[in-house]
1. Mind counting the residues in the range 23-48 that are touching a residue at least 60 places away in the same chain (Cβ under 8 Å) and farther than 17 Å from Thr90 by Cα?
2. Criterion first (closer than 15 Å to Ile215 by Cβ and among the β-branched types (Val, Ile, Thr)) does Ile80 satisfy it?
3. For the range 276-300, how many residues meet the condition of being modelled with pLDDT of 85 or more and of a type in the set (Asp, Glu)?
4. Does Ser233 satisfy being modelled with pLDDT of 60 or more and either more than 19 Å from the chain's Cα centre (by Cα) or on the phi < 0 side of the Ramachandran plot (or both)?
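The values are calculated or read from the model by the stated rules, or taken from the named source; none is laboratory data. Everything numeric in this text was worked out from a predicted model, so none of it was measured. Cβ atoms come from the backbone with ideal geometry, glycine included; neighbour counts cover every protein chain shown.
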Amino acid sequence: MLFIREIILICYLVCIILGIAGLTISLLVKSKNSSALNKAIIWFVSGMLMMTFYDMAIYYCDYVIGVWGNLKVMRLGNCIIAGTMFLWITLQESIIKRETLTLLSKMVKRYILFYMTMWILLTIFLSGSQFYTLKWLLLATDIVLIILFLVATIGRIIFAAAANDKFALYYMVLVTSMTIWNYISYFWGETSVYWGNSEFIREPLDLTIIFWLIINAATALYAYKFDFIPAFSDKNQNTEIRMNIKERADKICEQYKITPREREFIELIYSGKSNKEIADTLFLSESTVKTHIYNIFRKMDIKSRVGIICILNGEDGRNEEDETE
């Protein structure tokens, strides 16, 4: 048993090292080229580090030295996990930008803030017996939180799959599954208390470090590949081109007054998709796609898709031939 505890504590230390590595990568990028994606990664990694330190303190005090059995502190874990879910949705918004999911994301994030506030207030002002008389209400709020979180996340996963953005797809599926698994572990711990089976709390909570370890490793890799490399690569001397294409698109959309919906078309055109493929991806008719593309051409004063690609690459796209498709 002692050997297992030592392994778990080592996993916590490795997890913290990975979190610090991911945060360091993102802070280095921020010093050179801060962006919405960069800021979202910094906040998410910081939240993950907070969650890891909290878990490690709970595990060490309760299961190693056996001097901390404060249930109020344990209940705050739900709030911290909900906070990481909030930051994860914010990061997803920077990875997959889709206007159709903006309202849903806002609704989910507001519910998470309500959930966290409710749990904090009930934890502070109610005694243990009073707190657990509301167990069915708390259970309902947990279920709503999981459902809303999954709906918002699955929507962006579907768009990532449709756009064939495999790395973003794998990353979002991995982090979402680990986050939900972790939340269920805490949920198991809380319901064990509800039902008077507190001796069953330890086993699922001991496994939470595995979830955070995987998430921190995946996030550090994502930050390095899509944040650090584009900012510090020496393969292209043009700073504008080295920028992450999503951030370059932000700048172009602001310059040409491109709407969030039209931005989706620009990214799909840049990825090489035809009108039919864009229509299938966004669940639109081809005639609607052509109308949006025509409006984009007019705003950007260009004549073809090649013009869009040239402008995104920092070149003059106004001399290209007329669109024939």
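1. Adding up the residues that qualify gives 5.
2. Yes, satisfied.
3. Residues meeting the conditions: 2.
4. yes
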